[in-house]
Amino acid sequence: MQVTITRLGHQGDGIAEGPIYVPGALPGEVVEGQLSGDVLTAPRIVTPVAARVRPPCPHARACGGCALQHAEDAFVAAWKTEITRAALAAQGIEARLRPIVTSPARSRRRAVLAGKRTKKGVIVGFHGRASDTVVPIPDCHLLHPDLMALLPPLEEVTALAGSRKGALAITVTRSLAGADVAVSGGKALDLDLRMALAALADRHRFARLSWEDEVIAQAAPPEQALGAARVAPPPGAFLQATEAGEAALISAVSETISSAKQVVDLFAGCGTFTLPAASGADVHAVESSAAMLAALDRGWRNAAGLHRVTTEARDLFRRPLMAEELARFDAAIIDPPRAGAQAQVAELARAQLPVIAAVSCNPATFARDARDLIAAGYRLDWVQPIDQFRWSPHVELAARFSRAAA
Ligand SMILES: C[S@@+](CC[C@H](N)C(=O)[O-])C[C@H]1O[C@@H](n2cnc3c(N)ncnc32)[C@H](O)[C@@H]1O
């Protein structure tokens, strides 16, 4: 059958009337294929649109890492901007959107790879599109070259400790001291395996190798530069995916809080925003992970010339900072997980702070939280879409809220 694609879905797949889902198709294209349930299988593009390009990466068809390599950059940028605009419009919000900032190819400094043993040997790569298979990625266009260089040693790790049943989840992070590798889903550690892995980490000069959160080899603390400080995050901890994305987020946040003297950073992680902000203000960092806050605190103590930084481990979903506790701050930074931060936003709404720098990895929950802040009298000054997950359907953003003049 033949269908015409009318729009892209949230996973980046083409959608025709029905709805019929057509992976790899773009709006306006006429596509031919076999209907299986609500998916058009083995699709053949009959009429391509001008936005279609040849995927730069040879693995694009099989690999699940990138959903949109067949579309030109300008199309993806416009689509992600439109997702942000539409999420806000669904909550009745019209906002000034700044031009999207997209991270360059080959710049991902953190990724979760899969490692699997097979009949023939081992594969380290990304999961295949909607499947359990692991696709090798020797010419990946996403990962930073330093992470690409890790593929052969990670194959050795998989040969030692992987299985043919499930895949290892291997979180790789580029640090100032070299590779920071955290593995889960592998064999239980016995003495022999522990020694073999430690020797492998040493041979390949990993900064750190962790197994199910236990550090089994560390040549040097795997530090990240956060503002004027250096922080060694706990194994597998959250870190912004690219340096360019992190810089764009920090720049938007810094601009928003530039005149504040007392700042609270909510969902602070290891201090991505806390430590740059501490060059101009006292900052109170709040976050549920005590280990991340300990790393942040150590980084602050070893840095020179920063204002005071305090930390508080707290579940902000169950126990948000109350409006009375927020009253002593003149700016808030908030960067919640995908679910958003409804309870904390309700308290920010009551607190009526002069400015809020909001960061989000989910435009839909951001728009819901923005609606609540606007209803409480805040003004949404601008939204900065940011694309750290190039060629994927993810969209991130930073935004500035200020108290509307009475
Ligand atoms: C999107 S990350 C942002 C971290 C940091 N702002 C950064 O940019 O590196 C969200 C953070 O929220 C923390 N978190 C998740 N659930 C939480 C909760 N219920 N209360 C407090 N923090 C939470 C996570 O540990 C994570 O560090």
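Here are a few things to note about the model shown:
- Residue match in the range 285-295 (condition: within 10 Å of the ligand (Cβ to nearest atom), part of a loop (DSSP other than H, G, I, E, B), closer than 18 Å to PHE238 by Cβ and at pLDDT 95 or above): yes
- Residue match in the range 353-366 (condition: small (Gly, Ala, Ser), surrounded by fewer than 24 Cβ atoms within 10 Å (Cβ to Cβ) and under 18 Å from GLY92 (Cα atoms)): yes
- TRP300 meets all of the listed conditions (1) outside any loop (DSSP other than H, G, I, E, B); (2) within 14 Å of the ligand (Cβ to nearest atom); (3) in contact (Cβ under 8 Å) with a residue 60 or more places away in the chain but one, namely (2).
- The residues of the range 229-284 that are of a type in the set (Gly, Ala, Ser), within 12 Å of the ligand (Cβ to nearest atom) and more than 26 Å from LEU143 (Cα to Cα) amount to a single one, ALA277.
- Residues located in the range 361-397, provided they are in a loop (DSSP other than H, G, I, E, B) and over 30 Å from ARG61 (Cα atoms): ALA376, GLY377
- Members of the range 77-101 found to be among the β-branched types (Val, Ile, Thr) and surrounded by 23 or more Cβ atoms within 10 Å (Cβ to Cβ), listed by number: THR84
- Residue count for the range 345-360 satisfying the condition of being free of Cβ contacts under 8 Å to residues at least 60 places away in the same chain, aliphatic (A, V, I, L, M), within 16 Å of the ligand (Cβ to nearest atom) and not in a helix (DSSP H, G or I): 1.
- Scan of the range 107-157 for residues that are among the β-branched types (Val, Ile, Thr) and in contact with a strand residue (DSSP E or B) (Cβ under 8 Å, 6 or more places away or on another chain), ordered by number: VAL112, VAL122, ILE123, VAL124, THR133, VAL134, VAL135, ILE137, VAL157
- Every condition in (1) crowded, with 22+ Cβ neighbours inside 10 Å; (2) more than 14 Å from the ligand (Cβ to nearest atom) is met by ALA323 except one, and the failing one is (1).
- Any chance THR311 is surrounded by fewer than 21 Cβ atoms within 10 Å (Cβ to Cβ), within 14 Å of the ligand (Cβ to nearest atom) and among the hydroxyl-bearing types (Ser, Thr, Tyr): no
- Filter result (touching a Leu at 6+ places or on another chain (Cβ under 9 Å) and of a type outside the set (Val, Ile, Thr)) within the range 204-218: HIS204, PHE206, ALA207, LEU209, TRP211, GLU212, GLU214, ALA217, GLN218
The values are calculated or read from the model by the stated rules, or taken from the named source; none is laboratory data. All values derive from a computational prediction rather than experimental measurement. Quick reminder, even Gly has a Cβ in these numbers, built from the backbone with ideal geometry, and neighbours come from all protein chains shown.
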